[in-house]
1. Can you list residues whose amide H is under 5 Å from S24's amide H, if they're 5+ apart or on another chain and H is modeled 1.01 Å from N?
2. Let's see if you can work this out: charge +1 on each Lys and Arg Cβ, -1 on each Asp and Glu Cβ, no other charges. What is the dipole magnitude of the range 19-145 about its Cα centre, in debye to the nearest 20?
3. Between E103 and V188, how many nm apart are label points set 7 Å from Cα along the C-beta direction?
4. Report the gain in length on full extension from R62 to N176: 0.36 nm times residue separation, minus Cα-Cα distance, nm rounded to one decimal.
5. Which far-off residues, 5 or more places away or on another chain, put their amide H under 5 Å from the one on G157, with H placed in the peptide plane?
6. For the chain, what does -39500 (n - 2.57) per DSSP helix run (n ≥ 4), summed and divided by total residues, give at 222 nm, in deg cm²/dmol to the nearest 500?
7. Based on DSSP, what percent of beta bridges with both residues in the range 103-239 are antiparallel, to the nearest 5?
8. What net charge is computed for the residues neighbouring D189, neighbours being all others with C-beta under 14 Å from the C-beta of D189, Lys and Arg scored +1, Asp and Glu -1?
Amino acid sequence: MEPVTPDPARRLRVGDLDIDVTVSPRRRTVRLTVERDASVTAVVPPGVDEDTLARLVRSKRRWLYAKLAEKRALAAERPDKEFVSGEGFSYLGRSYRLLIVDEAPEPVQLVRGRFRMRRDCLDDPARHLARWYRRAGQRWLPRRAAPWARRMAVPLGELRVRPLGYRWGSCSPDGNVNIHWATMQLPVDLVDYVLVHELAHVHQPNHGREFWRLVERAMPDYEARRDLLTRAGARLWLP
């Protein structure tokens, strides 16, 4: 059997499971993940063949089905939002009502406890609000991450706020961190967990024992925050 190739669009079918496969030279073992959109991904070291990966998936089938059921149940809780005055949108764990206005200096602003959106933005309101979260995160998150990076002795490079699909974040070995703009809807203690998780990956690319030890040293209550994040993430607005 041919080795799995480093094509991010590669998909492997195992029984009734579709696995999106990515090859990473940083991996030493296979990482199976059930994403927030109930898709299944595998990040594998170079040279892993499809037969080996399929055997691993079959051995983890019971765990995968349980996780898929959990993710689909949580996804059913995701709210539908309307861009009308009075609709609520979260910022750092607090809900702020939307107010549609005829004139404003910016497409979206947070002013005196209200999200204000210009009426001429209603042709594509989700894009304008997501851009506001992204800009707010780009100002706030680097300052929030810096003390955690010092505590963890992690070299913090550039922190960028981006759309990342159903991932909270990603990082590179040189300390550059990407955080999803939707993270800015979470309470601050859960934002901190996302930051600590990604910073720990600078030293430990795998979710192995050493990775979780590093997270725990920085954040002893990480397990409680991780569980809260799973539930809170399903209730966030995503366009």
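The values are calculated or read from the model by the stated rules, or taken from the named source; none is laboratory data. Source: prediction; values computed, not measured. Note that we place each Cβ from the backbone using ideal geometry, even for glycine, and neighbour counts take in every protein chain shown. Just so you know, the surface numbers come from the protein's heavy atoms only, side chains and all, with ligands and any DNA or RNA stripped out. Shrake-Rupley method; radii C 1.70, N 1.55, O 1.52, S 1.80 Å.
1. For S24, the qualifying residues are V44.
2. Numbers: 29 positive and 17 negative charges, 169 e Å.
Its charge dipole is roughly 820 debye.
3. For E103 paired with V188, the spin-label model returns 3.6 nm.
4. Working: separation 114, 0.36 × 114 = 41.04 nm, distance 3.54 nm.
Value of the extension gain: 37.5 nm.
5. N176, V177
6. Working: 6 runs with 91 residues, N = 239.
Counting only the DSSP helices, I get -12500 deg cm²/dmol.
7. On the way: 7 of 11 bridges.
For the range 103-239, the DSSP antiparallel bridge percentage is about 65.
8. Numbers: positive: R94, R144, R225, R226, R231; negative: D192, D221, E223, D227.
Counting the neighbours of D189, the net charge comes to +1.
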